[in-house]
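Take a look at the structure set out below.
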Amino acid sequence: MAVFIIALLLGSILVPLTTQVEQRQISGTERTLDEIREVLVGFALVNGYLPCPDTDNDGAENVTANRCSSISGSRSHGNLPFATLGLAAAQYDVWGNRFRYAVREDYARRDTVFSLSTTSADLRVCPVQGSCGGGQALTSSAVAVILSHGKNGYGATSGIAGTTNPSASSNDELENTDADRDFVHRTHSPVGSSAGEYDDIVTWLPLYSLFNRMVAAGKLP
């Protein structure tokens with residue numbers, strides 16, 4: 001009986017501790033994403049364009065003939081070029097996976113640098129997969145999206161092995177791996193929930209936030 005009571009007490013203590021650890025990991029990742037976004041702005045202030053994604057897992061952006069090496073539908077997807085940005089601390093998230101990074105290619109070109117008249121930013125962040133129509137998008141004019149695939153890491157590139165983790169099973173997490181213009185940012189939900197498992201952590205760089213910072217710094221128009 002005493003052993004049962006002790007086990008019960010330990011269980012009641014360990015569950016809240018586990019929850020606290022996970023929340024600290026999430027909060028820390030959110031802060032890292034905020035820092036990455038600021039560094040992206042700083043990179044644009046210095047260079048006049050945003051970096052291209054890292055598509056060969058060496059930490060450096062991949063550029064071919066003044067344009068991102070991998071382009072699909074005027075957008076380039078890959079991993080965060082942490083070495084190009086000088087962000088060794090953002091080599092991977094707290095779960096050991098690379099941060100995903102997507103950029104509207106017009107804002108990463110070197111042969112035609114963007115200006116205030118470049119308003120083609122069209123990366124969208126949705127509250128649910130397939131819900132970006134009808135004015136429901138959280139943003140429909142992001143120039144870049146940065147995300148962590150969370151604790152489950154589905155669809156991410158392992159920061160240690162360099163291999164791609166297993167694919168997600170939920171539509172919302174799959175949306176964050178399919179290399180189109182749409183991403184999902186919503187409240188986390190566990191395995192088995194009616195909404196489907198979701199633990200991705202997403203942030204983005206809005207077009208006019210970038211313009212505002214560059215105008216304030218005298219880099220535009």
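Observations on the model:
- Residue that is surrounded by the fewest Cβ atoms within 10 Å (Cβ to Cβ) [pool: residues in region 57-67 that are small (G, A, S) and more than 18 Å from T164 (Cβ to Cβ)]: A65
- Single residue of region 114-127 satisfying the filter (out of contact with any His (no Cβ under 8 Å at 6 or more places or on another chain) and free of Cβ contacts under 8 Å to residues at least 60 places away in the same chain) that is surrounded by the most Cβ atoms within 10 Å (Cβ to Cβ): R124
- For Y101, the conditions (1) part of a loop (DSSP other than H, G, I, E, B); (2) under 20 Å from P206 (Cα atoms); (3) aromatic (F, W, Y) all hold with the exception of (1).
- Condition met for A83 (modelled with pLDDT of 95 or more, over 16 Å from the mean Cα position of the chain (by Cα), assigned to a helix (DSSP H, G or I) and buried (at least 20 other Cβ atoms within 10 Å of the Cβ)): no
- One residue stands out in region 93-113 among those that are at pLDDT 95 or above and either of a type in the set (S, T, Y) or farther than 30 Å from A216 by Cα (or both): the one that is surrounded by the most Cβ atoms within 10 Å (Cβ to Cβ), namely R98.
- Residues within region 195-220 that are surrounded by fewer than 19 Cβ atoms within 10 Å (Cβ to Cβ), over 21 Å from the mean Cα position of the chain (by Cα) and outside any loop (DSSP other than H, G, I, E, B), tallied: 3
- For the condition more than 24 Å from V94 (Cβ to Cβ) and among the hydrophobic types (A, V, I, L, M, F, W, C), F211 qualifies.
- Filter pass, S141 being in a loop (DSSP other than H, G, I, E, B) and among the polar types (S, T, N, Q): no
- Number of residues in region 28-60 that are without any contact (Cβ under 8 Å) to a residue 40 or more places away in the chain and either of a type in the set (S, T, Y) or in contact with a Pro (Cβ under 8 Å, 6 or more places away or on another chain) (or both): the value is 3.
- Restricting region 148-194 to residues that are in contact with a helix residue (DSSP H, G or I) (Cβ under 9 Å, 6 or more places away or on another chain) and not in a loop (DSSP other than H, G, I, E, B), the residue that is surrounded by the most Cβ atoms within 10 Å (Cβ to Cβ): S148
- Checked against the criterion of being of a type outside the set (K, R), farther than 21 Å from L80 by Cα and in contact (Cβ under 8 Å) with a residue 60 or more places away in the chain, region 169-180 has no qualifying residue.
- Sub-7 Å Cβ pairs linking a first residue in region 190-212 that is under 30 Å from P51 (Cβ atoms) to a second residue that is in a strand (DSSP E or B) and not hydrophobic (A, V, I, L, M, F, W, C), at least 6 apart or interchain, are Y198/S189; D200/S148; I201/S148; W204/T139; P206/T139; P206/S141; L207/S141, ordered by first then second residue.
- Any chance S70 is modelled with pLDDT under 95 and surrounded by 12 or more Cβ atoms within 10 Å (Cβ to Cβ): yes
- The residues of region 184-210 that are closer than 16 Å to V145 by Cα and aromatic (F, W, Y), listed by number, are W204, Y208.
- Across region 109-138, the number of residues qualifying as under 29 Å from I26 (Cα atoms), part of a loop (DSSP other than H, G, I, E, B) and hydrophobic (A, V, I, L, M, F, W, C) comes to 5.
The values are calculated or read from the model by the stated rules, or taken from the named source; none is laboratory data. Quantities reported herein were computed from a predicted structural model and do not represent experimental measurements. Quick reminder, even Gly has a Cβ in these numbers, built from the backbone with ideal geometry, and neighbours come from all protein chains shown.
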